[in-house]
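Structure record follows, encoded as structure tokens.
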Amino acid sequence: MYSISGYGQMIADERRMWAYSTALRRAVSADSIVLDIGAGTGILSLLACQYGARKVYAVEPTSAIALAKEAACANGFADRMDCMQALSTEIRLPERADVIISDLRGVLPLLQQHLPSIIDARCRLLAPGGNLIPKRDVLWAAVVEAPQQYDRLMKPWTQERFGLNMQAACQIVTNVWTKARVTPHQLLTKPQCWATIDFLTTESADVSATAHFEVVRPGLAHGFIVWFDSVLDDEIGFSNSPWEPEMIYGSAFFPWSSPVDLGFQDTVSIDLRADLVGSDYVWSWETCVHNRQDSRRSKAHFRQSTFLGAALSPVQLRKRSSRYEPTLSDDGEIDLQVLQLMDGTRSNEEIARVVAERFPSRFQSRRDVLTRITDLADKYSR
């Protein structure tokens, strides 16, 4: 979830905004119906109105949509721009959209429910022959020499401080990818295309492929970097590659379990997977490094996953077991009572009074219980 200042940084990214505004201007006509998924504070919806769209539906699940609505009024678009606080998968439109525009990415396009949302919107909400912006994202990878990025992860745990050993954390921090920026001089291999996400045809939220690399510059490799080139429309797009000026998106640095000294005769293969599990992705990367003169001899072999990058206690692991038989905690009992009382016949204040009477020892004040209820109402009520 972006902050308002975060949305401001996205608007301030000139290359991003030029590409989106140019593609949108090309796609919109006077009869166009436009759907903006993940509209945020509404900049793309406002541009669609400015370019003459007959109707624009701005859909955003957070309260940032309130600013989009104010902006629509301030710019004279209130009659053509409908602002909806919802997930796109939950909405129904009175008419199908001629253009669906979105920027649901994070550092990489594979973020939370991005692909399921696009697939759903393409099937349910896009008119036959309609436009999707963007059309596709091409993901690239390269092995890098990144001592600063690697040390930032490892040094707090490998350097003993106060005579204490904290190296147990090393396995966790090397199983989490981080946002990073590298220069072309840090690349030890030529970039290889890992995957292409065609938003017009993709049917799965999961992506997996193996990329093979040849070392073009010897050095100490610390992992690999992944970035994307976005195609919004023919000849319109942008890239956050190391050769391009830095953008809001950044790149993703996947560390290895330990650095590897690479020579000209070495080859690297990386099997990289992104599997959507629940509300977010589990990333897995298996790396094999070989000497070309003796392909049978492995210089390094790592198996890593963000699943191993979470510090789970024995209690948490036990609760995640398929055989675990859960019972509600005290907090669970309170939330269950609150949700059962949300039947459309009671106000938040009335529910607060009932809950305070049933659980008198759990709340210090009426304000505390009312805050608990309004949080649940914000999350679960219609």
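The values are calculated or read from the model by the stated rules, or taken from the named source; none is laboratory data. Model, not experiment: these values are computed from the prediction. Note: ideal-geometry Cβ built from the backbone for every residue, glycine included; neighbour counts use all protein chains shown.
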Residue that is farthest from PRO184 (Cα to Cα) [pool: residues in region 140-165 that are outside any strand (DSSP E or B) and touching a strand residue (DSSP E or B) at 6+ places or on another chain (Cβ under 7 Å)]: LEU153
Residue count, region 275-299 (criterion: surrounded by 11 or more Cβ atoms within 10 Å (Cβ to Cβ) and either in the same structural domain as LEU111 (by TED's automatic domain parsing) or part of a loop (DSSP other than H, G, I, E, B) (or both)): 1
Residue check, SER102 crowded, with 21+ Cβ neighbours inside 10 Å and among the polar types (S, T, N, Q): yes
Region 305-320 residues that are over 14 Å from PHE254 (Cα atoms) and acidic (Asp, Glu), paired with ones that are exposed (fewer than 10 other Cβ atoms within 10 Å of the Cβ) and modelled with pLDDT of 80 or more (beta carbon under 7 Å, 6 or more apart): none
Test for THR327: is it loosely packed, with under 11 Cβ neighbours inside 10 Å and of a type in the set (Val, Ile, Thr): yes
Single residue of ALA66, ALA53 found to be part of a helix (DSSP H, G or I), in the same structural domain as LEU126 (by TED's automatic domain parsing), on the phi < 0 side of the Ramachandran plot and not basic (Lys, Arg): ALA66
Odd one out for GLY42, checked against (1) within 20 Å of the chain's Cα centre (by Cα); (2) modelled with pLDDT under 95: (2)
PHE302 vs. criteria among the aromatic types (Phe, Trp, Tyr), surrounded by fewer than 14 Cβ atoms within 10 Å (Cβ to Cβ) and in contact (Cβ under 8 Å) with a residue 12 or more places away in the chain: no
Breaking point among (1) in contact with a Lys or Arg (Cβ under 6 Å, 6 or more places away or on another chain); (2) of a type outside the set (Ser, Thr, Tyr); (3) assigned to a helix (DSSP H, G or I), for VAL107: (3)
Near pairs, Cβ below 8 angstrom, 6+ apart or cross-chain, from region 8-34 (in contact (Cβ under 8 Å) with a residue 12 or more places away in the chain) to any residue that is among the hydroxyl-bearing types (Ser, Thr, Tyr) and surrounded by fewer than 20 Cβ atoms within 10 Å (Cβ to Cβ): MET10/TYR2; LEU24/TYR51; ARG25/TYR51; VAL28/TYR51
Out of SER230, SER269, SER258, SER284, sole residue that is within 29 Å of ALA23 (Cα to Cα) and not β-branched (Val, Ile, Thr): SER230
Filter result (small (Gly, Ala, Ser) and either more than 29 Å from MET84 (Cα to Cα) or assigned to a loop (DSSP other than H, G, I, E, B) (or both)) within region 352-382: ALA356, SER361, SER365, SER381
Residue list for region 216-250, filter: farther than 18 Å from ILE133 by Cα, crowded, with 16+ Cβ neighbours inside 10 Å and modelled with pLDDT of 95 or more: GLY219, ALA221, HIS222, GLY223, PHE224, ILE225, VAL226, TRP227, SER241, PRO242
